[in-house]
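Colleague: Take a look at this one; I'll ask things after.
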Amino acid sequence: MSDGTSLEPSFREGGKTLPGVLITGASSGIGLATAYLLSERGYRVVGTARNPDAVLHRLQEERGGTPPFRLVRMDLTDPASVDEGYARAQSLLGGVDILINNAGQGELGSVEDTDLDDSRTLFEVNYFSVVRLVKLAVPAMRARGSGIILNLGSIVHDLQFPFKAQYCASKSALTGFSLSLRYELHPHHIRVHILEPGWVRSEFHNRLRPVYKAGSPYALRLKPFLDFTRDSDPAVPDGRAVAVIILATLENPKAPVRIPVGREARKFRIARRFLSNAMLDRLLLWKLSQKGDKAHL
Ligand SMILES: NC(=O)c1ccc[n+]([C@@H]2O[C@H](COP(=O)([O-])OP(=O)(O)OC[C@H]3O[C@@H](n4cnc5c(N)ncnc54)[C@H](OP(=O)(O)O)[C@@H]3O)[C@@H](O)[C@H]2O)c1
């Protein structure tokens, strides 16, 4: 049997036996859009949120009616909450066939000014909680001989920005983890994918709080990075557009392991192919100087 094909028959059966999906971070953005899209397509979906009651209330007000998926509580900074949330999702679904590790936390602050404990928390959310959920999900997937793990990485694995060092590091860790895991799980017919989007219109950037200490030489340089006008640019993909790519990935047993999302990510991949590291570096320094970050030149 080839990679992941064991899931194909149930995908074709039109609703009745479609796999159970667990999506972390289903309160907004990509996770919420994916929870709706997969539910609309007949998948049985459980999403996670730190405060599911508030999310349900908000969704009922905004969209009317109860959402077509279930929500369980999961705080990714708390291993006990991850274990409890996973157990609850598993019992609701009768088994997790597809695990989508979507939840993530951003960052805006220099390495010097950012507290190491806050960096550890970011890694807990963006990386270690994923490892924990994978460890919870894999034994049953392996026993069944099927399953899909889809992680939300980022373009920042390839294209780094200043003041996001821990975010870049956590997403690079996630890409490395996913690629290694893919080889580990391939003989067990469990597929692993990592989506690497560029900018996506969601709550992600609004949630960022710039971090700097009093008198920090970085404070002014952070300012241009608080320009979120791209969040209103219709050319930039929104959560729904990413959800469509997630659905296509789940339904294509031959989907690649690493999947760039959005024009920005695809353009950068092409630039990587044709430019040397030194040329790319000069280009990125120039782009940053256009942003007003003269300290780079
Ligand atoms: N937006 C972009 O430009 C972009 C680009 C590349 C990659 N990504 C990645 O895409 C993923 C989804 O982001 P998004 O754009 O959809 O952002 P979003 O709208 O801010 O959604 C983030 C989700 O993560 C959850 N989350 C954050 N901290 C958590 C914690 N400690 N415990 C549990 N859940 C937590 C949030 O849930 P709560 O409601 O509980 O806070 C929320 O549902 C992230 O992994 C992000 O790194 C985003």
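The values are calculated or read from the model by the stated rules, or taken from the named source; none is laboratory data. All values reported here derive from a predicted model rather than from experimental measurement. Neighbour counts are summed over all protein chains in view; Cβ atoms, including those assigned to glycine, are modelled from backbone coordinates with ideal geometry.
Colleague: Test of understanding: among LEU116, LEU92, which residue is more than 28 Å from PHE228 (Cβ to Cβ), more than 18 Å from the chain's Cα centre (by Cα) and modelled with pLDDT of 95 or more?
Modeller: Details: LEU116 fails: more than 28 Å from PHE228 (Cβ to Cβ).
Criteria check complete, one pass: LEU92.
Colleague: Which members of region 101-143 meet the condition of being closer than 23 Å to ALA248 by Cβ and either more than 10 Å from the ligand (Cβ to nearest atom) or out of contact with any helix residue (DSSP H, G or I) (no Cβ under 9 Å at 6 or more places or on another chain) (or both)? Spell out how you get there, then give the answer.
Modeller: If we filter region 101-143 for residues that are closer than 23 Å to ALA248 by Cβ, which is where we start, we get 101-104, 130, 133-134, 137, 141.
Residues satisfying the conditions are LEU133, VAL134, ALA137, MET141.
Colleague: Here are LEU195, LEU226: which of them is closer than 22 Å to ALA26 by Cβ, within 16 Å of the ligand (Cβ to nearest atom) and not small (Gly, Ala, Ser)? Spell out how you get there, then give the answer.
Modeller: On the way: LEU226 fails: closer than 22 Å to ALA26 by Cβ.
Matching residue, one of LEU195, LEU226: LEU195.
Colleague: Further, regarding this structure: Could you please give the count of residues in region 225-252 that are in contact with a helix residue (DSSP H, G or I) (Cβ under 9 Å, 6 or more places away or on another chain) and either more than 23 Å from ASN101 (Cα to Cα) or part of a loop (DSSP other than H, G, I, E, B) (or both)? Give the steps one after another, and end with the answer.
Modeller: Going residue by residue through region 225-252, those that are in contact with a helix residue (DSSP H, G or I) (Cβ under 9 Å, 6 or more places away or on another chain) are 235-244, 246-247, 250-251.
Add one more test, that the residue is either more than 23 Å from ASN101 (Cα to Cα) or part of a loop (DSSP other than H, G, I, E, B) (or both), and what stays is 235-237, 251.
Matching residues across region 225-252 total 4.
Colleague: Can you tell me which residue among GLY85, GLY109 is in contact (Cβ under 8 Å) with a residue 24 or more places away in the chain, buried (at least 21 other Cβ atoms within 10 Å of the Cβ) and under 19 Å from the mean Cα position of the chain (by Cα)?
Modeller: Values: GLY109 fails: under 19 Å from the mean Cα position of the chain (by Cα).
Selected residue: GLY85, the only one of GLY85, GLY109 that is in contact (Cβ under 8 Å) with a residue 24 or more places away in the chain, buried (at least 21 other Cβ atoms within 10 Å of the Cβ) and under 19 Å from the mean Cα position of the chain (by Cα).
Colleague: Scanning region 69-100 for residues that are away from the ligand (no atom under 16 Å from the Cβ) and not in a helix (DSSP H, G or I), which turns out farthest from VAL131 (Cα to Cα)?
Modeller: GLY94
Colleague: Report whether or not VAL131 is over 13 Å from the mean Cα position of the chain (by Cα), more than 21 Å from VAL261 (Cβ to Cβ) and in contact (Cβ under 8 Å) with a residue 24 or more places away in the chain.
Modeller: On the way: over 13 Å from the mean Cα position of the chain (by Cα): yes; more than 21 Å from VAL261 (Cβ to Cβ): yes; in contact (Cβ under 8 Å) with a residue 24 or more places away in the chain: yes.
Yes, satisfied.
Colleague: Within region 38-68, work out how many residues are within 13 Å of the ligand (Cβ to nearest atom) and closer than 23 Å to ARG201 by Cα.
Modeller: Step one: filter region 38-68 for residues within 13 Å of the ligand (Cβ to nearest atom), giving 47-59.
If we keep only those that are closer than 23 Å to ARG201 by Cα as well, we get 47-52, 54-59.
The total comes to 12.
Colleague: Which ones in region 154-184 are small (Gly, Ala, Ser), crowded, with 19+ Cβ neighbours inside 10 Å and closer than 24 Å to LEU285 by Cβ? Full working, then the answer.
Modeller: The initial filter retains those residues of region 154-184 that are small (Gly, Ala, Ser), namely 154, 165, 169-170, 172-173, 176, 178, 180.
Cutting the leftovers down to crowded, with 19+ Cβ neighbours inside 10 Å gives us 154, 169-170, 178.
Hits for region 154-184 are SER154, ALA169, SER170.
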